[in-house]
Amino acid sequence: AIEALPQIRPSAAGRVILFLALNGLRTRTVTLNQMRRYLTARGIGRHFVFVLKRLVWLIFGRSRLFQWILRGVDGLIPTDPRIKNIFDKYRPDLVFTTVAMFAEMDAEILREAKRRHVPTVGMSRGWDIYTNSGIMRIVPDKLLVHNRYAEETAQTHQFISQSKILRVGFPRND
């Protein structure tokens with residue numbers, strides 16, 4: 001069955017986790033994203049926000065412990081009741097995501113699936129997702145990657161164990 005999902009707005013705790021996840025990965029692409037947002041933002045507060053983002057990037061950007069804590073705290077965020085209702089209605093045997101753990105909706109769905117012990121599989125739609133989208137908030141049980149580069153960046157930047165990764169190629173090109 002296909003059902004349109006409602007627009008989910010993150011809670012206050014969810015917004016803090018999202019801020020930390022988006023800015024807590026020390027890569028050049030995250031730096032470029034921060035600079036772009038700073039240069040296009042308006043208002044005096046943009047300076048403070050930019051400095052805060054850079055501090056998160058500098059202090060926590062390469063920390064395996066920070067990612068572990070962030071993912072643990074993210075797992076404690078209550079799931080939106082509308083997502084719970086969808087799980088109650090369909091009782092899935094498996095959850096598969098293609099934005100793979102970076103989008104808010106995927107995080108909500110994966111979080112609820114993990115709470116219900118439903119197996120999860122994630123796959124990114126691009127080769128550079130593990131270095132440009134911040135910290136993966138919810139790691140699926142199995143992560144499908146396109147190639148060796150994606151496998152290596154998932155391991156080195158997202159600290160995902162080899163046992164969770166399966167290299168499958170580019171589905172669009174197969």
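Placing +1 on the Cβ of every Lys and Arg and -1 on the Cβ of every Asp and Glu, with no other charges, gives the chain a dipole of roughly 580 debye about its Cα centre.
Share of the chain's accessible area from carbon and sulfur, percent, 1.4 Å? Present the calculation step by step, with values, prior to reporting the outcome.
Numbers: 6180 of 10040 Å².
The computed percentage sits at 62.
Can you give the Rg to Rh ratio for the stretch 102-174, taking only C-alpha atoms and Rh from Kirkwood? Please report the intermediate quantities before stating the final value.
On the way: Rg = 11.9 Å, Rh = 12.5 Å.
My calculation of the ratio gives 0.95.
Once the Cα gyration tensor of the stretch 102-143 is found, what semi-axes does its equivalent ellipsoid get, as square roots of 5 times the eigenvalues, in whole Å, sorted largest first? Walk me through the numbers on the way to the answer.
Details: eigenvalues 74, 23, 11 Å².
Semi-axes from the Cα gyration tensor: 19, 11, 7 Å.
Using just the helices of the chain, give the 222 nm mean residue ellipticity in deg cm²/dmol: DSSP H runs with n ≥ 4 each add -39,500 (n - 2.57), and the total is spread over all residues, rounded to 500. It would help to have the intermediate numbers written out before the result.
On the way: 8 runs with 89 residues, N = 174.
That calculation yields -15500 deg cm²/dmol at 222 nm.
Put a dot 7 Å past the Cα of residue 164, heading toward its Cβ, do the same for residue 73, and the two dots end up 1.8 nm apart. The stretch 18-92 and the stretch 122-174 have their alpha-carbon centroids 18 Å apart.
What the stretch 1-160 shows is 55 Å² of accessible area per residue, with the surface traced by a 1.4 Å probe over protein heavy atoms. A full extension of the chain between residue 148 and residue 37 corresponds to an added length of 36.9 nm, given 0.36 nm per residue minus the alpha carbon distance. Over the stretch 1-133, the hull volume per residue, using the convex hull of the C-alpha atoms, is 130 Å³. Of the trypsin sites (Lys or Arg not before Pro) found in the stretch 30-96, those in coil by DSSP whose Cβ has at most 11 other Cβ atoms within 10 Å are 42.
Label separation (residue 55 vs residue 5): 3.3 nm, computed from points 7 Å beyond Cα along the C-beta direction.
The values are calculated or read from the model by the stated rules, or taken from the named source; none is laboratory data. Since the model is a prediction, treat every value here as computed from it, not as a measurement. Using ideal geometry, Cβ is built from the backbone for each residue, glycine included, and neighbour counts are taken over all protein chains shown. Ligands, DNA and RNA are stripped out before the accessible areas are found, and what is left, the full protein with its side chains, is counted by its heavy atoms. Shrake-Rupley method; radii C 1.70, N 1.55, O 1.52, S 1.80 Å.
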